[in-house]
């Protein structure tokens with residue numbers, strides 16, 4: 001055994017009080033568990049942001065389709081006003097989803113209108129239809145389309161009433 005120097009009993013020794021380590025011993029760094037919990041919280045937050053972005057995009061698409069329906073309704077109203085002497089010929093009698101090829105001014109306007117509905121609202125799909133009733137005194141224009149792709153209900157309708 002090595003003999004201790006005579007002042008060995010005066011060297012300060014760190015002691016634990018009540019079994020608790022001192023502050024210097026407790027502050028050594030971040031543990032792996034703390035890092036993993038932080039990464040998990042960050043990942044959940046990022047997934048929430050991604051989900052909100054998806055909902056916002058679908059809502060924007062639905063809004064775009066509604067705006068296109070309003071613009072197409074205004075276009076056919078202006079076509080009917082330009083041909084106001086024959087406004088009754090614009091009544092379709094039911095939903096119209098395709099061109100009929102009627103060789104009159106009103107028939108050409110309606111075919112162009114339905115084609116525009118197909119190309120602008122549904123981007124070439126065959127799910128947008130239009131109906132005009134009650135013209136010239138109480139025109140009611142209905143544009144109907146499938147809104148599932150944009151996150152909405154199966155069928156949406158825009159109804160516009162006017163007189164020519």
TODO: Please give the FRET efficiency for residue 51 paired with residue 160, using the beta carbon to beta carbon distance and R0 = 45 Å, rounded to the nearest 0.05.
DONE: 0.80
Open item on the list: So for each of 74-85, 31-42 I average, over its residues, the number of other beta carbons within 10 Å; can you give me the resulting order with the highest mean first?
Closed with: 74-85, 31-42
TODO: Please label the shape of the stretch 60-162 as rounded, prolate or oblate, based on the square roots a ≥ b ≥ c of the eigenvalues of the alpha-carbon gyration tensor (a/c under 1.5 means rounded; beyond that, a/b larger than b/c means prolate, else oblate).
DONE: prolate
Open item on the list: I need the calculated FRET efficiency for the pair residue 36 and residue 58, taking r as the beta carbon distance and R₀ as 45 Å, to the nearest 0.05.
Closed with: 0.85
Task: Gain upon complete extension [residue 67, residue 140; 0.36 nm per residue less C-alpha separation] - done: 24.5 nm
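Rule-based calculations on the coordinates, nothing more; no lab input. Source: prediction; values computed, not measured. Using ideal geometry, Cβ is built from the backbone for each residue, glycine included, and neighbour counts are taken over all protein chains shown.
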